[in-house]
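Enquirer: Starting off with a structure, shown below.
What follows draws every value from the coordinates through simple rules; no lab data is involved. Since we're looking at a predicted model, the values are computed, not measured. In this analysis, Cβ positions are derived from the backbone assuming ideal geometry, glycine residues included, and neighbour counts consider all displayed protein chains.
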Amino acid sequence: MNDLHLGEAAISRVTELERWPFISKELFPAITDEIAERAARDLGPRFVDAVTGELILSINCYVIRAAGRIIVVDSGNGNFKERPALLAHHRFDTPYLERLAAAGVRPEEVDVVVSTHLHPDHCGWNTRLEAGRWTPTFPNAVYLFGRSEFEWLEALFRSDPDDPVLADLAHTFADSVEPVVRAEQAVLVGEEHVVLDEGGVRVSLRGMPGHTGGHLAVDVYGGGRHALFSGDVIHHPLQFAVPELAQGGDQDPEQAARTRRALMEECAADRTILLPAHFPGPAAGRVIREGGRFSFDWLPD
Ligand SMILES: [Zn+2]
C-alpha cells in the first residue's frame, strides 16, 4: 500500500501472505449458509472464493515510522516454524524480509517490535533460523510483550501440553519468544503503555481482550488523525455484518464479541482508520455505521 500519513507518522503495510484460505466453518464454527452466501454476494471473490466458498485472509504486518524511530506491529507467521497441528501455520517459506526491504526497512534498523498477541501468526518473524538456532530477526530492537499475554504463553509452555494444538501454541514460546528473552531484548509491559510520544505523534497500546486474554491493540495519533491496529479483534470483513460471530481461535468468544462490537462502534464514531491483521489488501479502511449495521469503507491501496 501507499504509505498512510498521520502528521509526521508514516505507516506501511508489509503483507507476509496475500492469500490465506480457510474453510468457512473452520474459521467461524457458527457460520450459517445464509451468512456465507451474503458474504460471497456482498464482498466478492477477493474475500470469498467463488468456487470453494473458502474465506480468504491475508497476513499483514505493519511498520510505523515516526520521530526517527521504526516500529514493527506484528511480525507475521515466520519461516520454517514447525506447527504440525496448526497446519495453516506450518513451515512457511515467504519473502517477508524482501518485502520489508522493499518497504525500505532493514531488520537492524528496527527500534521496537510490538505483538498484539502471541499466536503464531503475529510473532513468528520475531526470530529467524540462523545456523540452526532461532535468533532475533531484529537485532537492535526492543520487543514489547503484554505481560499477561507473555505469562499465559510461558505457563502453557512450562505445562508441556499433550494436546497437539496447545503444543503448537506452546512451541511458539520456544521458537519465537524465548530466544528474544535470552537475547535480553524483551520488555514486558502493562495493557496501557505509551510506546512513543514525540514530534506530535503518539503510539500507545491498550488491552482489547477476548481473542486472547492479554490481546493488545495499537493506537497511533498524528496530525489530528487516529489509526488503530486491531490484531485479531476482527478476522474477516464479513464480521461487520455479524459482529457476534466468533472466530474458532477466540479464547473467550463472548468477551471477544463485546470487544469487536466496541471496536466497530468506536471506529465508526471517531472516523478512525482501522488497520486489520488479516483483511486482504487494501486492508485499511473506515467503519461505517448506519443504524445498527456496520460496513467497511476501504481506503485506496
Ligand atoms: Zn491472527
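Enquirer: I want to verify a result. In a Gaussian network model of the chain, Cα cutoff 10 Å, which of these has the top mean-square fluctuation: CYS61, CYS267, CYS123?
Expert: Highest fluctuation among the options: CYS267.
Enquirer: Could you calculate the FRET efficiency of ARG182 with GLU151 from 1/(1 + (r/R0)^6), where r is the beta carbon distance between them and R0 is 25 Å, rounded to 0.05?
Expert: Values: r = 17 Å, r/R0 = 0.69.
Working from the Cβ atoms, E equals 0.90.
Enquirer: Gain in length, ASP270 to ASN2, computed as 0.36 nm per residue apart minus the alpha-carbon separation, to one decimal in nm? Could you put the intermediate results ahead of the total?
Expert: Details: separation 268, 0.36 × 268 = 96.48 nm, distance 2.27 nm.
Contour length minus the Cα-Cα distance gives 94.2 nm.
Enquirer: For LYS25 paired with ALA241, estimate the spin-label separation in nm (one decimal), with each label point 7 Å from Cα along the Cα-to-Cβ line.
Expert: Between LYS25 and ALA241, the label points sit 1.9 nm apart.
Enquirer: Taking segment 23-159 as the region of interest, what is the percent of Cα-Cα pairs per 5 angstrom bin, listed from the shortest bin to the one with the maximum distance?
Expert: Over segment 23-159, the share of Cα pairs per 5 Å bin runs 2, 8, 15, 18, 17, 14, 11, 9, 5, 1, 0 percent.
Enquirer: Ranked highest first by the average count of other Cβ atoms within 10 Å around their residues, in what order do 40-51, 10-21, 94-105 fall?
Expert: Numbers: 40-51: 13.9, 10-21: 18.8, 94-105: 16.0.
Highest mean packing first, the order is 10-21, 94-105, 40-51.
Enquirer: Just need the relative contact order of segment 4-298 here, percent rounded to a whole number, with Cα pairs under 8 Å and 6+ apart. Mind dumping the intermediate values first?
Expert: Values: 650 pairs, mean separation 51.3, N = 295.
So the answer I get is 17 percent.
Enquirer: Read phi for every residue in segment 105-114 and hand back ³J(HN,Hα) as whole Hz from Karplus 6.51 cos²θ - 1.76 cosθ + 1.60, θ = phi - 60°, with x for Gly and Pro.
Expert: Values per residue, Gly and Pro as x: 10, 9, x, 6, 8, 6, 8, 9, 10, 10 Hz.
Enquirer: Same structure again: Go ahead and run the numbers for FRET between ARG258 and GLU290, Cβ-Cβ distance against an R0 of 22 Å, rounding to 0.05. Intermediate results must be reported in sequence, preceding the final value.
Expert: Working: r = 21 Å, r/R0 = 0.96.
Efficiency, rounded to the nearest 0.05: 0.55.
Enquirer: Multiplying the sequence separation of GLU192 and ASN140 by 0.36 nm and subtracting their Cα-Cα distance, what value in nm do you get? Write out the running numbers ahead of the final one.
Expert: Details: separation 52, 0.36 × 52 = 18.72 nm, distance 2.39 nm.
Separation in residues times 0.36 nm, less the Cα-Cα distance, equals 16.3 nm.
Enquirer: Give me the dipole magnitude in Debye, nearest 20, for segment 161-207 about the Cα centre, with unit charges on the beta carbon: positive for Lys and Arg, negative for Asp and Glu.
Expert: Details: 3 positive and 10 negative charges, 46 e Å.
Dipole about the Cα centre, nearest 20: 220 debye.
Enquirer: Using only the Cα atoms, what convex hull volume per residue in Å³ does segment 4-298 have? Kindly include the intermediate steps, with their values, before the conclusion.
Expert: Details: hull volume 36.4 nm³, N = 295.
Cα convex hull per residue, to the nearest whole number: 123 Å³.
Enquirer: Need the full-extension length gain, GLU98 to GLU130, defined as separation in residues times 0.36 nm minus the C-alpha distance. One decimal, nm.
Expert: That works out to 9.9 nm of additional length.
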